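The values are calculated or read from the model by the stated rules, or taken from the named source; none is laboratory data. Keep in mind that this is a model prediction, so the values were computed, not measured. With ideal geometry, Cβ positions are generated from the backbone for all residues, glycine too; neighbour counts draw on all protein chains shown.
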Amino acid sequence: MSTGAYAMNFIEETLSGWGNIPQSVNKVLYPRSTHEIIEAFTLDKLLPRGLGRSYADQATNTGHVVLKLEKMNRFLSFDQHNGILECEAGSSLEDIIHYLAPRGWFPMITPGTKYVTIGGAIANDVHGKAHHVDGSFVNCVLDFTIALPDGRIVVASREENSDLFWANFGGLGLLGTILTARIQLRKIETTYFVQKAVAAKNLDEMLQAIDDSDKNYTSSVAWLDSMAKGKSLGRGVLTMGNHAKLSDLPEKLKANPLKIGKKPTLTIPIYLPGFTLNMVTVRILNMLLYQLQKRGNGIAHYDKFFYPLDMINNWNKGYGKRGFIQYQFVLPEKDGKENIRKILEEITKSDCVPFLNVLKKFGNAQGGLLSFPSAGYTFAIDFPITAKLKPFTKKLDAMVLHMGGRIYLGKDAYLDEATFKAMYPQHKEWLEIKKKYDPENIFSSDLSRRIGLELR
Ligand SMILES: Cc1cc2nc3c(=O)[nH]c(=O)nc-3n(C[C@H](O)[C@H](O)[C@H](O)COP(=O)(O)OP(=O)(O)OC[C@H]3O[C@@H](n4cnc5c(N)ncnc54)[C@H](O)[C@@H]3O)c2cc1C
């Protein structure tokens, strides 16, 4: 055991996922160098953590070590000609946008928040509104370096240590600590989008609108009114868009076409009381969202187009102290439309009030071994925590499994081991790779123990 001053410098911190659950005390270190990262490997079971935007227990390691990598966020080189950035894994998409969007480069693949690190984006192989065109995060990563549990630092790419490369996309930080990555950025003329919004009266109209739009737009996502029932089930607004060219901008925006956003000034400073979200308030909020989104035609800045939730700091506190989950699943395209309807009906019949519903159609790009996206429909639903929620998600899990679908591990809170293993048969291959690189299970998390993603 190391007795170095740094290694002894644990800070006991209560950590959770973005849904504010589950809360637990972890021994946190803030490494500033590769040396400090590797020194920590000798201490205890450990887990790397980015900006904590996974929803539940993906980035917590109760009673053990968590390496918060936010100080490992330096840019190492940038090829301005080809848009290839080499950076430390604690760099965030926000950092990249801040420094490189004004030079005409933007992340190629982005989730719905820019507050994610490159390490976190790899470990969950994140996807965005453009999955049907660009695939998931793996498609913009050329290679990465990783510190393995035995202290070696190796490069992983499609050619070199390719087993390690593919197992880390969706690998949830359980194979080592990603130190640096080389990623491809997208050349842009402006930081704006040409956006179109289409209101759909019901699910059939919505699914048709998605099929029609995906041919013409690189980004698309639908918001569904979570309170609509009966003939209106699936009512909502589909928003789609393409990166705007300079010629698309009105004169007043042409003066600063690569404008970047400001830090949010709105903050939810405290947990809102539990009664803030109930059937009545959620119905009113959904009506407002419907009206607002319908008017979404025109030119939209990337902050509004990709990251509307980032505009309010700590918006997750709006769900109150009990927290919330985001339940996200994907269903195969075959029978997908009918199956989405069955699940929506089940939700509207339940006592669990869904707050936000988001629907998207994935393309069939290849991801990593445990990556979530696969061709079909993905649906994400926010539920505030109540006593009835966990049993209800068990019911939904069984339906999703029966329909040939799976749950997104980056957001999951309640999946059990048997259901996870049935949804992800590739876990067997992944565990073989774990055995090769981390035979002593040094890398662990609360999620790995919950769903059996560890050697036993
Ligand atoms: C508002 C919001 C919108 C979102 N929208 C989307 C979306 O559209 N699509 C999508 O796919 N996801 C989405 N997410 C989820 C989010 O993109 C992922 O959870 C992402 O992985 C979070 O990155 P992070 O840096 O916060 O990582 P953390 O949450 O801190 O960690 C996530 C995982 O990465 C591992 N990890 C972190 N750093 C390293 C490293 N250096 N080496 C190895 N492993 C590491 C951790 O151990 C953990 O298992 C959203 C989340 C929020 C809050």
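Among the residues of segment 212-239, those identified as more than 14 Å from Pro354 (Cβ to Cβ) and part of a loop (DSSP other than H, G, I, E, B) are Asp214, Lys215, Asn216, Tyr217, Thr218. Just one residue in the set Ala200, Ala147 is within 11 Å of the ligand (Cβ to nearest atom) and more than 22 Å from the chain's Cα centre (by Cα); that residue is Ala147. For segment 57-85, residues that are of a type in the set (A, V, I, L, M, F, W, C) and in contact (Cβ under 8 Å) with a residue 60 or more places away in the chain total 7. Looking across segment 88-105, the residues that are of a type outside the set (Ser, Thr, Tyr) and either within 12 Å of the ligand (Cβ to nearest atom) or on the phi > 0 side of the Ramachandran plot (or both) come down to Glu88, Ala89, Gly90, Leu93, Glu94, Asp95, Gly104.
Looking only at residues of segment 394-411 that are in contact with an Asp or Glu (Cβ under 9 Å, 6 or more places away or on another chain) and crowded, with 22+ Cβ neighbours inside 10 Å, we find that the one that is farthest from Leu174 (Cα to Cα) is Asp397. Considered as a group, the residues in segment 176-209 that are touching a helix residue (DSSP H, G or I) at 6+ places or on another chain (Cβ under 9 Å) and assigned to a helix (DSSP H, G or I) include one that is nearest to Ala123 (Cα to Cα), and that residue is Leu207.
Selection of first residues in segment 91-117 that are modelled with pLDDT under 95 and of second residues that are within 10 Å of the ligand (Cβ to nearest atom) and not polar (S, T, N, Q), restricted to Cβ pairs under 7 Å at least 6 apart or on distinct chains, gives an empty result. Every condition in (1) within 13 Å of the ligand (Cβ to nearest atom); (2) in contact with a Gly (Cβ under 8 Å, 6 or more places away or on another chain); (3) over 16 Å from Ile122 (Cα atoms); (4) without any contact (Cβ under 8 Å) to a residue 60 or more places away in the chain holds for Val25 except the one numbered (1). Taken as a whole, the structure places Thr190 among residues that are surrounded by 24 or more Cβ atoms within 10 Å (Cβ to Cβ), more than 16 Å from the ligand (Cβ to nearest atom) and in contact (Cβ under 8 Å) with a residue 60 or more places away in the chain. Suppose we filter Asp212, Asp248, Asp225, Asp204 for residues that are without any contact (Cβ under 8 Å) to a residue 24 or more places away in the chain and outside the structural domain of Ile109 (by TED's automatic domain parsing); which single one remains? Residue meeting the stated conditions: Asp212.
Number of residues in segment 106-120 that are more than 6 Å from the ligand (Cβ to nearest atom) and either on the phi > 0 side of the Ramachandran plot or outside any loop (DSSP other than H, G, I, E, B) (or both): the value is 3. Pairing residues of segment 378-401 that are more than 23 Å from Asp335 (Cα to Cα) and in contact (Cβ under 8 Å) with a residue 24 or more places away in the chain with residues that are within 16 Å of the ligand (Cβ to nearest atom) and in a helix (DSSP H, G or I), at Cβ distances under 9 Å and at least 6 apart in sequence or on separate chains, gives Asp382/Tyr319; Pro384/Tyr319; Ile385/Tyr319.
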